[in-house]
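The values are calculated or read from the model by the stated rules, or taken from the named source; none is laboratory data. Just so it is clear, the structure is predicted and the values come from calculations on it, not from any experiment. Ideal geometry is used to build each Cβ from the backbone, glycine not excepted, and the neighbour counts take in all protein chains shown.
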Amino acid sequence: MKRLLTKLALLAAPYALYLALPFWVLLGTGELRFNVDEIVARAVHGTPQLFGFRFNESAYKCLKLRTLSTLPRRDVVALGSSRVLQFRDKMFAPATFYNAGYTITSVPHFLAFVSALPEDRLPKTLIVGLDQWMFNKKADSLDRASAKVNFTGYEQMDFVSVCNASDKIYKKVFDGSLRLGEVGTTGAAVCGKGVGAAPLTTVGFNACVNKTGFLNDGSMHYGGQIDRLLAGAKSADDYQFRNTLKKIEKGDTKFSHGDRVNPEAVRQLRPFLDFCRKRNIQVVAFLPPFSDTAYRAMIGSGKFQYLDQLAPALAPVFREYGYEFYDFSSVSRAGSTDQEAVDGFHGSESVYLNMLIRMLEAGSALNGVCDVNALRESAAHKKNRYLVYDMY
């Protein structure tokens, strides 16, 4: 028996050694075990932090709902997928805005999220991002699985997920993007400099390694990606939109080809809009931007006919409820260029500031919480072509 155990130990030793580094990295970055209560508390108290997970995103929905439920009531909340995350609190009057993006992947989720909020935390205005593929039956069939969403539960990483993450972690070590000496360190200076600069708490692999994650206002900071784009590095995600263009050609997942708008998806908007009207919540809805290159490729292919049908199908529905609807399906419609796109289907903070200004100029209800002249001034003095504001 002893000899058997010795042999088993010898066989297991190489695997244990292989997993030791990934385990240490995940533990040191806070990806392996994190405290939701601490993350929410820092957001509520205004303690600068950047939290971004790479291998376990299960807590994001819970974190957004918990934070919004704990903060004093916000007048304006952005709700949608990752394509609303570029709205910042600095675009609005102080203490009026929270970004609840990265919580919605299907039309039924809008109603599910607002229904999960305490009544006294419901906002006066919702900025709603309607991803175009939500209305393509081939991308979202609206079956029972897509309707199920859990905004309260989450999981921590287990042994299997550590094993699955190991190869990617070693790749980061060998390409130099992960410096082992920085794992587990805190207190790095935020983007702001000078007397007002504050230490930044980082939680999660993406936050520590890629400088990418969520800020206290719920928005997304794309630090590493923006650094690479500004440097013209081919290692940037979706460099020159190549990955997006491949997906468009193949009809992959979100970019599934479609010839008509799914009427069921449009119909399922109504219970959400009824909920908002009953509670006097104003809705400002929009179709988020693709890069012009990606949008032209979709339209030019002739395989995405539903895109041209979306605005005519959706605008009358929102008009019926007295709500706002805007079509910003390409960055140029927001007054921006591909040089301001983070990738093929995400505009940057700069793009979303331009979008907001156009909404305000069109007479949006958001004029009550925004200073359009101040926003124009911010647009004229951006940090770079992607970023307008400091992190904190």
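Observations, loosely collected:
- Cβ-Cβ distances below 8 Å connect the following pairs, each with a first residue in the range 280-293 that is within 12 Å of VAL84 (Cα to Cα), a second residue that is of a type in the set (S, T, N, Q) and in a helix (DSSP H, G or I), and a separation of six or more residues or different chains: LEU287/GLN132; PRO288/GLN132.
- Scope the range 231-269; condition without any contact (Cβ under 8 Å) to a residue 40 or more places away in the chain and acidic (Asp, Glu); matching residues: ASP252
- Qualifying positions in the range 285-303 - in a helix (DSSP H, G or I) and of a type outside the set (Phe, Trp, Tyr): ASP292, THR293, ALA294, ARG296, ALA297, MET298, ILE299, GLY300, SER301
- Residue within the range 255-278 that is out of contact with any Pro (no Cβ under 7 Å at 6 or more places or on another chain), of a type in the set (Ser, Thr, Tyr) and under 29 Å from LEU50 (Cα atoms) present: no
- Exclusive hit being in the same structural domain as LYS124 (by TED's automatic domain parsing), outside any loop (DSSP other than H, G, I, E, B), in contact (Cβ under 8 Å) with a residue 60 or more places away in the chain and within 24 Å of GLY224 (Cβ to Cβ), set VAL388, VAL342: VAL342
- Just one of the listed residues (SER161, SER177, SER146) is of a type in the set (S, T, N, Q), closer than 19 Å to ARG54 by Cα and at pLDDT below 90, namely SER177.
- Filter pass, VAL107 being out of contact with any His (no Cβ under 7 Å at 6 or more places or on another chain) and not assigned by TED's automatic domain parsing to the domain that holds GLY251: no
- In this entry, PHE286 passes the filter for residues that are aromatic (Phe, Trp, Tyr), surrounded by 15 or more Cβ atoms within 10 Å (Cβ to Cβ) and in contact with a strand residue (DSSP E or B) (Cβ under 8 Å, 6 or more places away or on another chain).
- Failed item in (1) out of contact with any Phe, Trp or Tyr (no Cβ under 8 Å at 6 or more places or on another chain); (2) part of a loop (DSSP other than H, G, I, E, B); (3) buried (at least 23 other Cβ atoms within 10 Å of the Cβ), with ARG73 passing the rest: (3)
- Sole residue being of a type in the set (Gly, Ala, Ser), in the same structural domain as LYS278 (by TED's automatic domain parsing) and touching a Pro at 6+ places or on another chain (Cβ under 9 Å), chosen from GLY80, GLY101: GLY80
- Qualifying residue in the range 210-224 (condition: part of a strand (DSSP E or B), among the small types (Gly, Ala, Ser), in contact (Cβ under 8 Å) with a residue 40 or more places away in the chain and closer than 30 Å to GLY28 by Cβ): yes
- When PHE345 is tested against (1) over 20 Å from LEU215 (Cα atoms); (2) surrounded by fewer than 21 Cβ atoms within 10 Å (Cβ to Cβ), just one condition goes unmet, and that condition is (2).
- For first residues located in the range 88-110 and crowded, with 20+ Cβ neighbours inside 10 Å and among the hydroxyl-bearing types (Ser, Thr, Tyr), partners that are at pLDDT below 95 and assigned to a loop (DSSP other than H, G, I, E, B) and lie 6+ apart or on another chain with Cβ distances below 8 Å form the pairs THR103/PHE151; SER106/ASP140; SER106/LEU142; SER106/VAL149.
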